[in-house]
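Following: one structure in structure tokens, then a few remarks.
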Amino acid sequence: MDGNGRWAKARWLPRAAGHRAGVSVLTPLLEAAGEAGVEALTLYAFSTENWGRPETEVDSLMTLFLETAKGKVPELNERGARLRFLGRRGHLPEAVRTAMGEAEELTRENDRLHVYIALNYGGRAEIVDAARRMMEDGLSPEEVDEATFASYLYAPEVPEVDLVIRTSGELRISNFLLWQIAYAEFYVTETLWPDFSPEEFRRAIDSYAARSRRRGGG
Ligand code: IPE
Ligand code: MG
């Protein structure tokens, strides 16, 4: 979900206003995803590198996560979405962690759309955490293959990523789901996140559907 800062700057608004505008995209987007038959969707909300931003911005983001959880979780629950979080929970403020736990608990029986929020998430951190837990479990080298490794990721049940959508024209991965995107297709748009619409989401899906995926098979 990139481009909130640029969206705000173009309007002479503070960055926090851009993040706030970015939240309003979520409901129409998730509705469109449900209609399009998407089974699982991951939103990259905050990376392990985002702590390097000015403290005021980090604080405003944490406040926004809490407000958004209060406002959107009941709504998502009614629409049958199951919510889960990916990332290192330890460093997040207590109130945010509590809200995350409550959202997961409330929506655990839902099955219409699986929504993952990557919060304090880093792809490398996820791989390191998986390796650590395998060592804690005392796995021998022979037991570690790709399937075993995948079963130690934050959400082993999540299907492999089919499509990555990147807004604001950036042509990089930025530490997103490094393991899971091995064969993902890409859709990059210049649109800044607060302007990302259900129509554009459908264009991305159509673009994906028109491609032939060979997965290295030739
Ligand atoms: C992405 O928007 C939102 C978060 C990282 C939370 P940015 O804040 O990165 O927006 P730009 O890149 O400055 O436009
Ligand atoms: Mg950015």
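Overview of results
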| read-out | value |
| --- | --- |
| Backbone N under 11 Å from the GLU146 label point (7 Å along Cα→Cβ), restricted to region 178-197 | 182-183 |
| Distance histogram in 5 Å bins (all Cα pairs of region 1-86, percent per bin) | 3, 12, 22, 25, 18, 12, 7, 2 |
| Separation in nanometres of the label points that stand 7 Å from Cα toward Cβ, at GLU104 and ASP195 | 3.7 nm |
| Along each principal axis, Cα extent of region 68-152, largest first, Å | 46, 29, 18 |
| Rg followed by Dmax, in Å, when the chain is reduced to its Cα trace | 17.7, 57 |
| Mean residue ellipticity (222 nm) of the chain, computed from DSSP H runs ≥ 4 via -39,500 (n - 2.57), nearest 500 | -13500 deg cm²/dmol |
| At R0 = 25 Å, FRET efficiency that the Cβ-Cβ distance of GLU31 and ALA155 yields, to 0.05 | 0.65 |
| Mean-position separation - Cα centroids, region 61-99 and region 3-34, in angstrom | 17 Å |
| Fluctuation leader among TRP12, TRP51, TRP193 - the chain, Gaussian network, Cα springs under 10 angstrom | TRP12 |
| q = 0.20, 0.24, 0.27 Å⁻¹: log10 I(q)/I(0) that the Debye formula gives for region 1-46, counting C-alpha atoms only | -0.69, -0.83, -0.93 |
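Bear in mind these aren't lab numbers, they're just calculated from the coordinates by the rules spelled out. The structure displayed is predicted, hence computed values, not measured ones. Cβ coordinates were reconstructed from backbone atoms using ideal geometry, including for glycine residues, and neighbour counts include every protein chain displayed.
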